[in-house]
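Take a look at the structure set out below.
Coordinate-derived values only; no laboratory data. Remember, it's a predicted structure, so these values are computed and weren't measured experimentally. Quick reminder, even Gly has a Cβ in these numbers, built from the backbone with ideal geometry, and neighbours come from all protein chains shown.
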Amino acid sequence: MSIRRFPLDWPLLVVGLLLSAYGISIVYSAGQTDIATGVAKLWRSQLLWFLVSIAACFAVSRFSVRLLDWLTWPMYWLSVALLVVLLFVGKGAGTAASTKSWLAIGGLRIGQPSELAKITVVLALAKVLATFKEPPRSLLELWKPALIVGIPWALIMKQPDLGTGIVFVGFAFAMLFWAGVSWPLLVLVASPVVSLILAFNTSIWGAWFLLLIALVLWYKPYMYEGIFLVVMNVIFGVVSPIIWEKLAPYQQKRLLVFIDPNIDRRAAGYHVNQAQIAIGSGGWFGKGFTEGTQKRLAFLPAQHTDFIWAVVGEELGFLGVTIGLALFAVLFLRIVKISERANDSYSSLVAFGLLASWFVHVLENMGMTLRLMPITGIPLPFF
Amino acid sequence: MSFHPNDIVRRGRAASLIVVGALLFLAGGFFRSQVLNHQKYALQSETNRLRELPLPAPRGVIYDRNNKVIADNVIGYSVSVLAQKEDSLRAVLQRLSGTINITAPQIEQSVRRYRRAPNRPTVIIPDASFDVVSVLEEHRSQFPGLIIQSAPRRFYPDGPVVAPFVGYTGEVSEAELTQAAFTEYKAGQQVGKQGLEKEYESVLRGKEGSQFVEVDARGRVVKNAGARQDLIPVAAPPLYTNIDMELQRFVAGIFGDSLIGGAVAIDPNTGGVLALYSAPSWDANRFIGGIPAQYWDSLRLDPRRPLYNKALQGTYPPGSTWKLATTVLGLETGAARMNEKQPIPCTGGMQYGSRYFRCWDKRGHGFLDLKGAIAKSCDVYFYQLGLKLGLARLVAGGVDLGFQSRAGIDLPEEKRARFPTGTEYFDRKYGKNKWTRSLVLSMAIGQGDNSQTILNMAKFYSALATDGKAARPQIMRGKPDRTQILKLSADQMNQIREALVGVVTSGTAAQSAIKGVQLAGKTGTAQSGKVVEGKEQNHAWFVGFAPAEKPSIVVAVMIEFGGHGTRAAAIASKIIQKYLHVVPVVDLSVEG
């Protein structure tokens, strides 16, 4: 068999393998604590899943894209069905025990359907966007993509799982962008959500509102669309405090801690604080592989999941962090290239959508350990 | 999707830019945390995992003049607990109280200590006995945050003998910790509470070291040693004193259990304190590591007031020992001469104004010169000398001679002597023109508004014993500090010493003579104001020195309610004999 018969993007494969190796090593280190916990054995399952994934990768790469295209809708509706079922039988896990993110049979957790949805929704959205001959110019034209993403998104937010919800919003916007939707329209679409967030401060919201009016006048959407957007912004600005009241206390706390981590140092702020200390104390070269004291002495919470990047920061220092970021950069840039070179719109959008999904994960997860993002409990790909 | 390949490339470039920009932004964030703010986080990480255990420094050893040990250190144990929260501390204490004896007040005290320094191990028992320690070691696994450290413990080999000047140490109190002088102290540390221990605290304490242990997020001690380099405590330098332990023990032995009073022995040439004792004394060793309530009560309720230092804090009317001050003032002003008699003979008293003033000896002394009046301690003579001097001059002279001041010993407990500052004192006390010159009569014989410490009297006699310079009493060995207070000729000084020799050879202290050594001194029998069964209880005084021709020791002895001064003289004589290694007259040995 020759390269010609079996085309393979070698740089992508190499960087993927390197990131996987890095990830498995750090999962191993995360288990090395002074008082051993179940985490100590997790690197083995990580390795096992890695081997399974390699096989899956190979299998998928051998598929015809047409097969994927054909499977898109069944898989999408399966995901949505699972998310609906989850609303009734979902189980929580770990720190988010009160949510309904996990599908479980008996006591055994099988998986999070939202993880499946992350892929199938990308496929479905790609399929819809690929049908456009011209990029959408108005809000009305976006009804179909909005519905495709909106249904699973709403189901996930109901669990509730804010982190995954943000991922959906992230790749949806990225794919619209990739499909050629102009940025002013993207801003207009996003404007009600921005209003929702900025409504906490009346004067900032006021400034945003003026900016929006200017944008509407400049972009000149249809009259009713313009009015609709302005009204939506007003409504969201007004209801945002009411929504705030409806948030669960732990959700409020997470958002507040994001704004000021010193609010409740011992409880909610504790996690992000300890992660910060772990990363900061790593310095240029870190405390040495498996030697991180914050991790070893259990000051660092969720060191094998949400805060695994803090283990890298503590033990391998800025050097290890930079190497990791560089690997991610190579991976992402490579996928951008792949998206550019794809033969058809559908493949191009799928590649770009998956890239956007990973990118949002990395941004969220690392940003959270640096206090740049709210704590949403989102995993880091490959780690 | 469209679309033109150019569009795709443009969007691809924008996407790449966003990806690189975002990752660079993250890298910048990590750079700020890991490189720019590294110090801050490294410190927080160390604070997280390390707990500092104080390693107390051994206190300075206190030596006497012959390098015998007065205060030493022996091995003791302290028990502390490392707790994350106040609640967990209480829980540990509760469980500990099932194993060892911990009282409710001890628990409350520990909690207060914890609140002051939550990151330090909280001291539960600052001075645990070996029994308690062995019980705890046995149950160690049940108390993960428990820390048992060996800590030097103060020990005074002579206990009660040295307590009156050496004092004791104890845990720094909450009140002290709020004071500016104690900013360097931390709860649970030992501090000098009295005597030399307090006076020289800054020298004796040494420098505390630290040991570091590693704890995990739940406060369990994970690593006991080597978590970080220990800081070795620095032992304090020894303190060398002028005390003569042999003499000090002898003095304590004389007082025994029966006598109440105090004695001070100083070297008049240097001011070095050879012995300082207050009877009854208390055991400083029992004060270390917290005074047992029972012992404290027994001391507090004892009518002999053992906690009241009779040599330093007790002020007593000096009685006839003060007649030497009147004598000095008489000679200085020319109001008297040694061989001069007063116009009125002693007939057991004298009439002044409307009152009759008695002499202590109602048989009377007849005509006496000053030398004889000192030997016989004739009150009538000194009444007349006092009248001649006048109250103003007597009081002003007394102030100049140091009777209104502290002796200045290097011990924090010394009280200032009580003496008028001038005649305005009487105006204040009795009202202007409401008092008469007759006050001078009692002042002249050491009664009235005059209360002196035993120490201050010894200091005054150190001037009489030498060339007129009073030596500031010093316990620590150092440069002598002497002040000329007597403005008399060498001849007059000799006459005074001869007169004081006369007291011992033919006067009130005749039984206290020492063979081979000329003892000089003055008895005093001071009215205490306390009357038992119609008879006034007098304080017995003797202040003297020897050898008279070249004195090397001044001794002041006062026995509370001891009756006549001859009793004090007998004790002082024995002290001097002991110090000069000579024998009393009655002894049959062949010396001189």
> If you count, for every residue in B:6-17, the Cβ atoms of partner chains within 10 Å of its Cβ, what is the mean?
Replying inline: 5
> What is the P(r) of the stretch B:293-335, as percent of Cα-Cα pairs per 10 Å bin from 0?
Replying inline: 23, 25, 21, 15, 12, 4
> Distance from the Cα centre of the stretch B:15-58 to that of the stretch B:248-302, in angstrom?
Replying inline: 60 Å
> Please state the equivalent ellipsoid semi-axes for the stretch B:123-169: what are the square roots of 5 times the Cα gyration tensor eigenvalues, largest first, in whole Å?
Replying inline: 31, 10, 7
> HN-Hα J couplings of the stretch A:230-246 from phi, Karplus 6.51/-1.76/1.60, θ = phi - 60°, integer Hz, Gly and Pro as x?
Replying inline: 4, 4, 4, 4, 4, 4, 5, x, 7, 7, 3, x, 5, 4, 3, 4, 7
> In peptide A:275-288, how many Cβ atoms from other protein chains are near each Cβ within 10 Å, on average?
Replying inline: 6
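Span-like helices, chain B: DSSP H, alpha-carbon axial extent 30 Å or more, mean Kyte-Doolittle -1.0 or greater, which ones?
B:5-31
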> Can you give the three extents of the C-alpha atoms in the stretch A:183-255 along their principal axes, from longest to shortest, in whole Å?
Replying inline: 41, 21, 20
> How high is the relative contact order of chain A, in percent, with contacts defined as C-alpha pairs under 8 Å that are six or more residues apart?
Replying inline: 20 percent
>> Working only with C-alpha atoms, what are the Rg and Dmax values of the stretch B:368-494, expressed in angstrom?
In response: 16.0, 49
> What is the mean number of Cβ atoms from other protein chains located within 10 Å of the Cβ atom of each residue in peptide B:44-50, rounded to a whole number?
Replying inline: 6
>> Can I get the semi-axes of the stretch B:455-551's equivalent ellipsoid? Compute them from the C-alpha gyration tensor as square roots of 5 times the eigenvalues, in angstrom, largest first.
In response: 27, 19, 13
> From largest to smallest, what semi-axes in whole angstrom does the stretch B:1-71 give when each is the square root of 5 times an eigenvalue of its alpha carbon gyration tensor?
Replying inline: 72, 9, 4
> Which value, in nm² and rounded to one decimal, describes the direction-averaged projected area of the C-alpha convex hull of chain A?
Replying inline: 20.8 nm²
>> If I take every Cα pair under 8 Å that is 6 or more residues apart in chain B, average their sequence separation and divide by the length, what percent do I get for the relative contact order?
In response: 13 percent
> If the viscosity is 0.692 mPa s and the temperature 37 °C, what Stokes-Einstein diffusion coefficient in µm²/s follows for the stretch A:170-326 when Rh is the Kirkwood radius over Cα pairs?
Replying inline: 174 µm²/s
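Based only on other Cβ atoms within 10 Å, what is the fewest-to-most ordering of B:Y356, B:Y308, B:Y114? Could the numbers behind the result be given before it?
Numbers: B:Y356 10, B:Y308 14, B:Y114 24.
Result, fewest neighbours first: B:Y356, B:Y308, B:Y114.
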> Once the principal axes of the Cα atoms of the stretch B:282-353 are found, what is the range along each, listed largest first in whole angstroms?
Replying inline: 63, 27, 19
>> At 222 nm, what value in deg cm²/dmol follows for chain B if DSSP H runs of at least 4 each add -39500 (n - 2.57) and the sum is divided by all its residues, to the nearest 500?
In response: -10000 deg cm²/dmol
> Which whole-number value in Å³ per residue fits the convex hull of the alpha carbons of the protein assembly as shown?
Replying inline: 260 Å³
>> Give the lysines whose C-alpha is closer than 27 Å to that of B:K515, dropping any in the same chain fewer than 8 places away, or say none.
In response: B:K323, B:K371, B:K376, B:K459, B:K550, B:K574, B:K578
> Between Rg and the Kirkwood Rh of the stretch B:340-431, both from Cα atoms, what is the Rg to Rh ratio?
Replying inline: 1.08
> In chain B, how does Rg compare with the Kirkwood Rh, expressed as the Rg/Rh ratio over alpha carbon atoms?
Replying inline: 1.22
> Where both residues lie in chain B, what percent of DSSP beta bridges are antiparallel, nearest 5?
Replying inline: 95 percent
>> Between the stretch A:213-249 and the stretch A:55-89, what is the separation of their alpha carbon centroids in Å?
In response: 35 Å
> In a Debye calculation with equal point scatterers on the alpha-carbon sites of the stretch A:277-353 and no solvent, what is log10 I(q)/I(0) at q = 0.18, 0.22, 0.28 Å⁻¹?
Replying inline: -0.68, -0.84, -1.15
> Lys/Arg Cβ at +1, Asp/Glu Cβ at -1, dipole of the protein assembly as shown taken about the Cα centre: which of B:G330, A:G165, B:G562 is farthest positive-ward?
Replying inline: A:G165
> If you take the charge dipole of the stretch B:124-208 about its Cα centre, with +1 on Lys and Arg Cβ and -1 on Asp and Glu Cβ, which of B:A151, B:V162, B:I125 is farthest toward its positive end?
Replying inline: B:A151
> Which whole-number percentage describes the relative contact order of the stretch B:447-592, with Cα contacts under 8 Å and a sequence gap of 6 or more?
Replying inline: 21 percent
> Which value, in debye to the nearest 20, gives the size of the charge dipole of chain B about its Cα centre, when Lys and Arg are +1 and Asp and Glu are -1 at the Cβ?
Replying inline: 1300 debye
>> If you split all Cα-Cα distances of the stretch A:103-235 into 10 Å bins from zero, what percentages do you get per bin, shortest first?
In response: 11, 36, 33, 15, 5, 1
> How compact and how long is the stretch B:234-349, expressed as Rg and Dmax of its alpha-carbon atoms in Å?
Replying inline: 21.0, 70
>> With just the Cα atoms defining each centre, how far is the stretch B:73-140 from the stretch B:146-168? Give it in Å.
In response: 21 Å
> Taking the stretch B:243-289 as the region of interest, what is the percent of Cα-Cα pairs per 10 angstrom bin, listed from the shortest bin to the one with the maximum distance?
Replying inline: 26, 46, 25, 3
